[in-house]
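The values are calculated or read from the model by the stated rules, or taken from the named source; none is laboratory data. Please read these numbers as outputs of a predicted model, since none were measured by experiment. Cβ placement follows ideal geometry from the backbone for every residue including glycine, while neighbour counts extend to all protein chains displayed. Remember, those area values only see protein heavy atoms, side chains included, never the ligands or the DNA or RNA. Shrake-Rupley method; radii C 1.70, N 1.55, O 1.52, S 1.80 Å.
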Amino acid sequence: MGNLGRQRMILYVWLCLLLLPLLINVTKLLKLTQAQDEDHLDIDVDHPSSPFFSDHAANDRKGGQFMTLNASSLTALENDKLILKCSIRDKKTKTTNITDVAPEDFYAENSKCGHSFKEDTVVFHVGKGGGGTLMKHLGVGVNWVHPHPKPSTNEQLQNGPLRTLIFNVRDPVDRFVSAFNWRSAILCHPNDERHRGKKKLGGGKKIGATKRPDEFCKTGYEEEEILLRETYQSSPSVLAEALCRESPLRASAEQDFSKVHHNTTLTQWLDFLVDPRLVKNVGDDGIQEFIVLPVEKRPGANETLFEKHIENLRRHLLSNRYGADASNEMMRLAEEQKRKREETRSRQRKVMHKHEAHLHSSEKLVNSTKSKLTKLGECCLARYLTDDYRLIQSMLGGDEASNSELVIAGLDPLDATHPVVQKACSWGNEQQQELCQGDLMSILMRRVKYLDESKGSCSAIVSANS
């Protein structure tokens, strides 16, 4: 054998020795992953303020379920210790740095690490339905669709790679009132003394009406502003009553309804899951999980359970990726990290009230003067949005969707929806599922008296109850 042949042989032996430990570790980890009892659903989402990118997942279908074989899972254990992927996005260079760190370092007070769930999950942020709160408290990177549906995203949910959809649901009538009042408050009117448009701050950032509506107003929506202020007298009841079936203004009111931002209906957001002509286009590699987060203050309650739903959602995502025990530990570390950061901020800034009083909250801005609906407007609007309430009823699934009081009122679930719609609350533990269903039922029961067509027109119902 010549010198060249001996050199090649030596090189080959060295390569085998270098690769052998890596092959052994990967084999062990694959066996460990397959032995786990939990279902590891690939879940990934993006959020405009997230500093992190995804983990480049590769999926393996087994027994009708999806097992996670992404970068996070393959490095999840090292010497029997959990290792997390720390993804940090550099906004200046537009690059992402990914390193392996221990949970304690991942959740250190000054850490910039974040969990990324972008590979196959998306959040539909339905306007005036708690999306700002969801964005603030979710705590993981997600794909974010707002303020309108995107056909390209729907196509990815029909055929992949997107397979999990997170959807915030608020009472449709309440959403309308909130949207009408919010737009009336933030759009610049002719005699507006607030700063028009946005103002540049240090570091290239801008501030405007969305975050400080008491100081700024939004330009570029003159037609909508005139519609709200002049045509409907800055009153949501005027538009709502114009939607009554017996109203001679109904045809024009229907067109004007869609011109008010954030009034895209729930059925319009989810048309590919509720329209039979589009449902048939959802393939086997499309949506697998539909997660609903209700925003509802039940009768007698002081607040909604929305933040509890968000916390349980974060736990659900982490549990699917890392397992229940690991997710519980990460939730504990995240809460400790949050507490330390809040303590640091409170020491650094003694007075924070002026500029934090309005953080995209129409409730805070117009709560003292906001217009409420008349009973007639409430009834006519609820009936105009009947399909949205039927969709919410479909989300209950099973026996809950056939609740006797709803049936008596003549309310039926939508026909031929995609199967995932009926599983909207089938995520998290049993307690979370009951909370979700309870909130959806509460939304329906508040409006059911108006949705019962057998009681006559809205005018007759209001007269009978006055």
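I'm trying to understand the selection: among the residues of region 96-131, which are crowded, with 22+ Cβ neighbours inside 10 Å, at pLDDT below 90 and assigned to a strand (DSSP E or B)? Of everything in region 96-131, those that are crowded, with 22+ Cβ neighbours inside 10 Å, at pLDDT below 90 and assigned to a strand (DSSP E or B) turn out to be S116, T121. Any residue at all in region 205-226 that is at pLDDT 95 or above, in a helix (DSSP H, G or I) and open to solvent by less than 40 Å² (accessible area, probe 1.4 Å)? Yes, some residue in region 205-226 is at pLDDT 95 or above, in a helix (DSSP H, G or I) and open to solvent by less than 40 Å² (accessible area, probe 1.4 Å). With respect to the stated conditions, Q255 fails to be outside any loop (DSSP other than H, G, I, E, B), surrounded by 14 or more Cβ atoms within 10 Å (Cβ to Cβ), of a type in the set (S, T, N, Q) and at pLDDT 95 or above. Name the pairs: first residue in region 139-167 and open to solvent by 70 Å² or more (accessible area, probe 1.4 Å), second residue at pLDDT 95 or above and of a type in the set (S, T, N, Q), Cβ to Cβ under 6 Å, at least 6 apart or on different chains? Hits for this filter: H148/T264.
Please determine whether any residue of region 105-118 is among the aliphatic types (A, V, I, L, M) and farther than 19 Å from L317 by Cα. The answer is yes, given that some residue of region 105-118 is among the aliphatic types (A, V, I, L, M) and farther than 19 Å from L317 by Cα.
Scanning region 423-436 for residues being open to solvent by 10 Å² or more (accessible area, probe 1.4 Å), in contact with a strand residue (DSSP E or B) (Cβ under 9 Å, 6 or more places away or on another chain) and either within 21 Å of V279 (Cβ to Cβ) or assigned to a helix (DSSP H, G or I) (or both) gives a total of 3. Taking K136 as the residue in question, decide whether it is open to solvent by 50 Å² or more (accessible area, probe 1.4 Å) and in a loop (DSSP other than H, G, I, E, B). No, not satisfied.
For region 388-421, a tally of residues being open to solvent by 80 Å² or more (accessible area, probe 1.4 Å), assigned to a helix (DSSP H, G or I) and touching a residue at least 24 places away in the same chain (Cβ under 8 Å) returns 2. Taking the criterion of being within 18 Å of T121 (Cβ to Cβ), part of a helix (DSSP H, G or I) and of a type in the set (S, T, N, Q), the residues of region 151-197 that qualify are S152, T153, N154, Q156, Q158, N159.
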